[in-house]
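Please read the structure below before turning to the comments.
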Amino acid sequence: MGSFRASENHAPQDKITSALTKLAPYAIDVPLVRLGPEDDGGYLLPDDLDGIAALFSPGVSDTVGFDHEIARRGIDCFLMDASVEEPDHLLPNMQFQKTFLGARDADPFVTLPSWIKASVPNDGDLILQMDIEGAEYDVLPHVSAATLDRFRIILLEIHDLHKMWQADWLARFGKILNQLNANHLLCHIHANNTAPYFSLAGHTIPDVLELTYIRKDRVSADGSIADVPHPLDRPNCTKTAHFPTPKIWEMQN
């Protein structure tokens, strides 16, 4: 576990605390299920997959077990990543595109709206599973609310939390969380232990978090905080130390 020393252009502690309160997961009336491997690449999501038209999965690794499980449920899967070759053993309803998800359409980048339009032009709810190694802070600000609302479920890995002392980074971070919280509800949070943890104001903070959102019209919530960790949570990696996901939204000054 490392530590982080603030720079001259650091964000004040109250701004950091305010941003972290937006990472509080809320209990919902739909149970969570785990799809994918027992380690890295497995995700918890609400058991509300009936009627989903397609999964969009930018950021592909050697493990596509989650995508396979979605495909086996009869949901079309669209995978995208220019940094890897097409994975082996894709199912007939899985398509791979060797491009990057980007903020604008300029080879080798494609925007999320363009990708959706080319793949699923008709109406229908979607799933987004995004793990693009920090590029989420460039991509998501350029995605409209109408596009985000197509996604019934959003699985998002956020990176570089050690930068939250930087005022400009924290502003982008907070903007994305506000954008997601507008019409979606955070219902699960999990620390990814493949990345190091760091110390912030006496608290142990993960550098990478996995977030699960559900569109608000699909669930009821009474405002209570969901249990963390969830019984279905698993360490992403067994080769490094694992800390239970901290309740960082409760962090005080």
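Restricting the search to region 106-144, which residues are among the aromatic types (Phe, Trp, Tyr), free of Cβ contacts under 8 Å to residues at least 40 places away in the same chain and under 18 Å from residue 96 (Cβ atoms)? 109 - this is the single residue of region 106-144 that is among the aromatic types (Phe, Trp, Tyr), free of Cβ contacts under 8 Å to residues at least 40 places away in the same chain and under 18 Å from residue 96 (Cβ atoms). Residues that are in a loop (DSSP other than H, G, I, E, B), within 21 Å of residue 42 (Cα to Cα), touching a Gly at 6+ places or on another chain (Cβ under 8 Å) and open to solvent by 20 Å² or more (accessible area, probe 1.4 Å) do not occur anywhere in region 116-129.
Answer yes or no as to whether residue 245 is under 26 Å from residue 15 (Cβ atoms) and β-branched (Val, Ile, Thr). When the stated conditions are applied, residue 245 passes them. When residues in region 130-156 are screened for being of a type in the set (Asp, Glu) and surrounded by fewer than 20 Cβ atoms within 10 Å (Cβ to Cβ), 3 of them pass. Within region 174-194, is even one residue more than 30 Å from residue 31 (Cβ to Cβ), over 12 Å from the mean Cα position of the chain (by Cα), aliphatic (A, V, I, L, M) and open to solvent by 10 Å² or more (accessible area, probe 1.4 Å)? The answer is no, given that none of the residues of region 174-194 is more than 30 Å from residue 31 (Cβ to Cβ), over 12 Å from the mean Cα position of the chain (by Cα), aliphatic (A, V, I, L, M) and open to solvent by 10 Å² or more (accessible area, probe 1.4 Å).
Over 19 Å from residue 154 (Cβ atoms), open to solvent by 10 Å² or more (accessible area, probe 1.4 Å), assigned to a strand (DSSP E or B) and touching a residue at least 12 places away in the same chain (Cβ under 8 Å) - does that describe any residue in region 82-94? Yes, there is a match, as at least one residue in region 82-94 is over 19 Å from residue 154 (Cβ atoms), open to solvent by 10 Å² or more (accessible area, probe 1.4 Å), assigned to a strand (DSSP E or B) and touching a residue at least 12 places away in the same chain (Cβ under 8 Å). Considering region 199-227, the residues that are of a type in the set (Val, Ile, Thr) and open to solvent by 20 Å² or more (accessible area, probe 1.4 Å) include one that is farthest from residue 251 (Cα to Cα), namely 219. Restricted to region 29-78, and to residues that are modelled with pLDDT of 95 or more, assigned to a loop (DSSP other than H, G, I, E, B) and open to solvent by less than 40 Å² (accessible area, probe 1.4 Å), which residue is farthest from residue 134 (Cα to Cα)? So the residue we want is 30.
The values are calculated or read from the model by the stated rules, or taken from the named source; none is laboratory data. All values reported here derive from a predicted model rather than from experimental measurement. Cβ coordinates were reconstructed from backbone atoms using ideal geometry, including for glycine residues, and neighbour counts include every protein chain displayed. All accessible areas refer to the heavy atoms of the entire protein, side chains included, with ligands and DNA or RNA removed. Shrake-Rupley method; radii C 1.70, N 1.55, O 1.52, S 1.80 Å.
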